[in-house]
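Enquirer: This structure is in structure tokens; I'll ask about it shortly.
The values are calculated or read from the model by the stated rules, or taken from the named source; none is laboratory data. As the structure is a prediction and not an experimental result, all values here were calculated from the model. Glycine also receives a Cβ, built like all others from the backbone with ideal geometry; neighbour counts cover every protein chain displayed.
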Amino acid sequence: MKKIALLIFVLLQLQACSSLKEPMPAEQAPEVPTLTPRASTYYDLLSLPRPRGRLIAAVYGFRDQSGQYKPVPASSFSTAVTQGGASMLMDALQTSGWFRVLEREGLQNVLTERKIIRAAQTKPGAAKNIKSELPSLQAANLLLEGGVVAYDSNIRSGGEGARYLGVGASVEYRVDQVTVSLRAVDVSSGEVLSNVMTSKTIYSVGRNAGVFKFIEFKDLLQLEAGYTTNEPAQLCVLSAIESAVAHLIAQGVERQLWATADDVPALKTTLAKYLQKPAAAL
């Protein structure tokens, strides 16, 4: 009876210490593909005021310039952040409603397809959808440059825990940080009109609970439970890029480089959130 009572006590302690315990993968129902979850910055872009006129912008690339690789024991050839920053940037630009984005990262593919169309036009029986003359490609007024400029690992870590009579629980956390830079360049003059840098923290939290206790002289009871939650680094990069786009738009409105429709005051819109001055570093 003593053993049963002690076991029940231990299980209750573990349940209390890990009330947020996530189900094991085997207990989860099969997941179906869904749209990528988005952060609050995405909805900020959707709620931006409408522009007086959409800006025609080109993105040639948005590379990882941090030079950061995944920590050991991960592969030393695997980078810590995504290499698809340009795709994320183009998505954020279109979501904002302020830009008409031109394809430049895959420009060679566009030019090749146009050559194929022109070659098909010279042959009899050409399809109706390619008979008309191809117009010139649209030129951009703005060139958007930048990249992921920093990935700082383990900028802050810590935890807490307690153990009494062999029964205990602990919580550990770690904070990384990713920084992106985005600038708008006037194509006609080459002047940098606006430049912003944004940072996003990446949290990792581990929770553990366990018991290590001798029930009798040779009877040892040992139980452990725990889980770790890691914030997806790529979604944090996407959120930082979305924030950079919002800050770029707000900075341009403040400098009168572009304007909102009907001259709506920026301080009365979502842009007010992005016109605030950055906090001083500790």
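Enquirer: Criterion first (closer than 30 Å to residue 223 by Cα and part of a strand (DSSP E or B)) does residue 150 satisfy it?
Expert: For residue 150, the condition - closer than 30 Å to residue 223 by Cα and part of a strand (DSSP E or B) - is not met.
Enquirer: Within region 164-176, track down each residue that is touching a strand residue (DSSP E or B) at 6+ places or on another chain (Cβ under 8 Å) and either among the hydroxyl-bearing types (Ser, Thr, Tyr) or in a strand (DSSP E or B) (or both).
Expert: Passing the criteria: 167, 168, 169, 170, 171, 172, 173, 174, 175, 176.
Enquirer: I've got another one for you. Note down all Cβ pairs under 7 Å where the first residue falls in region 97-111 and is of a type in the set (Asp, Glu), the second is surrounded by fewer than 16 Cβ atoms within 10 Å (Cβ to Cβ), and they're at least six residues apart or on different chains.
Expert: Qualifying pairs under 7 Å: 103/110; 105/60; 105/61.
Enquirer: Is it the case that residue 216 is among the acidic types (Asp, Glu) and assigned to a strand (DSSP E or B)?
Expert: no
Enquirer: Filter the helices (runs of 4 or more DSSP H) completely within region 1-108 down to those with at least 2 residues that are modelled with pLDDT of 90 or more and closer than 29 Å to residue 176 by Cα.
Expert: Where helices (runs of 4 or more DSSP H) fall fully within region 1-108 and carry at least 2 residues being modelled with pLDDT of 90 or more and closer than 29 Å to residue 176 by Cα, they are 40-46, 85-96.
Enquirer: Of the residues 205, 192, 196, 253, which single one is within 20 Å of residue 99 (Cα to Cα), surrounded by fewer than 18 Cβ atoms within 10 Å (Cβ to Cβ) and either of a type in the set (Val, Ile, Thr) or at pLDDT below 80 (or both)?
Expert: 192
Enquirer: Another question, if that's okay. Looking only at region 224-250, filter to residues that are in contact with a Ser or Thr (Cβ under 8 Å, 6 or more places away or on another chain) and farther than 24 Å from residue 154 by Cα; which one of those is surrounded by the most Cβ atoms within 10 Å (Cβ to Cβ)?
Expert: So, considering only residues that are in contact with a Ser or Thr (Cβ under 8 Å, 6 or more places away or on another chain) and farther than 24 Å from residue 154 by Cα, the one surrounded by the most Cβ atoms within 10 Å (Cβ to Cβ) is 249.
Enquirer: Name the one entry in 182, 271, 221 that is within 20 Å of residue 84 (Cα to Cα), of a type outside the set (Asp, Glu) and surrounded by 13 or more Cβ atoms within 10 Å (Cβ to Cβ).
Expert: Of the residues listed, the single one that is within 20 Å of residue 84 (Cα to Cα), of a type outside the set (Asp, Glu) and surrounded by 13 or more Cβ atoms within 10 Å (Cβ to Cβ) is 182.
Enquirer: For residue 246, which of the numbered conditions (1) part of a loop (DSSP other than H, G, I, E, B); (2) modelled with pLDDT of 90 or more fails to hold?
Expert: (1)
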